[in-house]
Amino acid sequence: MEGPIDRKPSIRPRGLSRSEAALYIGVSPGTFDKLVREGLMPEPIPIRTRKVWDRLRLDSAFESLASDNDNEWDDDPWQPIENDRLI
């Protein structure tokens, strides 16, 4: 006979440590620190002695990075070019 089924839902943490936050957006902790200093990523939330980054605020900041880097050349690489301009 099989044991009991674990029915606990998977919990996605809302608060992330510095290294988790860096991993979450795909950069090294050092690069993450630089992004925070430059104001491109949010400041941490102090919780007692810990600093925790809000996953939802990271999502928002990451979306802003993507929209800040929009480039006409990224839209359609097969778009015809005429006189060095997209047509």
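Structure values in brief
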| quantity | calculated |
| --- | --- |
| Hits in region 40-56 (condition: surrounded by 10 or more Cβ atoms within 10 Å (Cβ to Cβ) and outside any helix (DSSP H, G or I)) | Leu40, Met41, Pro42, Glu43, Pro44, Ile45, Arg50, Lys51, Val52, Trp53, Asp54 |
| Members of region 46-56 found to be over 13 Å from Pro13 (Cβ atoms) and either modelled with pLDDT under 95 or not hydroxyl-bearing (Ser, Thr, Tyr) (or both), listed by number | Pro46, Arg48, Lys51 |
| Members of region 57-75 found to be surrounded by fewer than 10 Cβ atoms within 10 Å (Cβ to Cβ) and at pLDDT 60 or above, listed by number | Ala66, Ser67, Asp68, Asn69 |
| Residues located in region 10-39, provided they are closer than 17 Å to Phe62 by Cα, exposed (fewer than 15 other Cβ atoms within 10 Å of the Cβ) and aliphatic (A, V, I, L, M) | Leu23 |
| Unmet requirement for Pro13, which otherwise passes all of (1) in a strand (DSSP E or B); (2) modelled with pLDDT under 95 | (1) |
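The values are calculated or read from the model by the stated rules, or taken from the named source; none is laboratory data. All values derive from a computational prediction rather than experimental measurement. Methodologically, a virtual Cβ is constructed for each residue, glycine included, from the backbone with ideal geometry; neighbour enumeration extends over all protein chains shown.
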